[in-house]
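The values are calculated or read from the model by the stated rules, or taken from the named source; none is laboratory data. Quick caveat: nothing in here was measured; it's all calculated off a predicted structure. Here the Cβ is made from the backbone with ideal geometry for all residues, glycine too, and neighbour counts use every protein chain on show. Areas reflect the complete protein model, heavy atoms only, side chains present, ligands, DNA and RNA absent. Shrake-Rupley method; radii C 1.70, N 1.55, O 1.52, S 1.80 Å.
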Amino acid sequence: MPTCRNLIIAIDGPAGSGKSTVGRKVAEHLGYFYVDTGAMYRAAAWKALQMKTPLDDAAAMTKLVRDTQMRLACDHQQFQISIDGVDVTRAIRAPEVSEASSRISTIAPVRRELVAQQQLLGKDGGVVMEGRDIGTVVFPDADVKIFLDATPEARGERRYNEDVHSGKPASRELTIEAVRGRDQRDASREASPMMPAPDAAYIDTTRLTIDQVVEKILALVAVARGTSSSK
Ligand code: DC
């Protein structure tokens, strides 16, 4: 018998694979809470840049994360994040914050702090959580696990178009190069490197529209709902 239990849906993948747009749509469709965990790493990095905390000082960065109050909200597909009462939703998208977030995300104790917060946010289910390690570390027992991917060129192009759209000065080549650099660091770090969980559904989004990806994920959710009644 199908269950109405609120599921945990984990979406992982590299920058520009479509996780955020797709994740927000899936969450809205299901009436679930959407959590962009990359925004949490970005918010911590933003604060570190503001406070001039050295990004490779593991002890100082861990303390900074511990002493920071993060609040996440999502309404009508508009995601918002504030830290210590300051709305940083837009500020965390700056290229220097992207770079800094990738650097601080290599620090194991920083990850432990943020993973604990993410587990708390998702513990009751009814959540679509996206990042790099959701299906492998944060919720290894998630009901639905997806790994989204696309060619580096397609992902760089998407980021470039987003930047142009939001009025940021951007270069196509430099954006593709930055995406490649970040992927390389995210996938090769020692602490929870980005990788598909063995039981994740792998979706290459290079030639798919957002709605096609959303449809595929909703189909996987329907299957999980039909088969997870014994859980
Ligand atoms: O998804 P994003 O590009 O906003 O993420 C910013 C950085 O944070 C990314 O370079 C890798 C890191 N990150 C991570 O290590 N683990 C997560 N669950 C989410 C993001």
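Please work out the C-alpha center-to-center distance from segment 181-195 to segment 111-163 and express it in whole Å. Segment 181-195 and segment 111-163 have Cα centres separated by 14 Å. With R₀ fixed at 35 Å, the C-beta to C-beta distance from Asp75 to Asp141 puts the FRET efficiency at about 0.80. Computed on the chain, with alpha-carbon pairs under 8 angstrom and 6+ residues apart, the relative contact order is 34 percent. Against the chain, whose longest principal axis comes from its Cα atoms, helix 152-165 is set at around 70 degrees. Glu157 sits among other residues whose Cβ lies under 14 Å from its own Cβ, and their net charge, with Lys and Arg +1 and Asp and Glu -1, is +1.
The 3J(HN,Hα) values that the Karplus relation (6.51, -1.76, 1.60; θ = phi - 60°) gives for segment 24-32 are, in residue order, 5, 5, 4, 4, 5, 4, 8, x, 9 Hz. Gly and Pro appear as x. When nucleic acids and ligands are ignored and a 1.4 Å probe is applied, Leu208 ends up with an accessible area of around 50 Å².
Taking the inverse of the average 1/r across all pairs of different Cα atoms in the chain, what Kirkwood radius in Å do you get?
Values: mean 1/r = 0.0558 Å⁻¹.
For the chain, inverting the mean 1/r across all distinct Cα pairs yields 17.9 Å.
Return a single number: how many Lys pairs in the chain, at a sequence separation of 8 or more or on separate chains, have alpha-carbon atoms below 14 angstrom apart. Present the calculation step by step, with values, prior to reporting the outcome.
Numbers: Lys19/Lys145; Lys19/Lys216; Lys25/Lys216; Lys47/Lys63; Lys52/Lys63; Lys145/Lys216.
Taking the chain as the scope, the lysine pair count is 6.
Given +1 at the Cβ of Lys and Arg, -1 at the Cβ of Asp and Glu and no other charges, the dipole of the chain around its Cα centre is 240 debye to the nearest 20.
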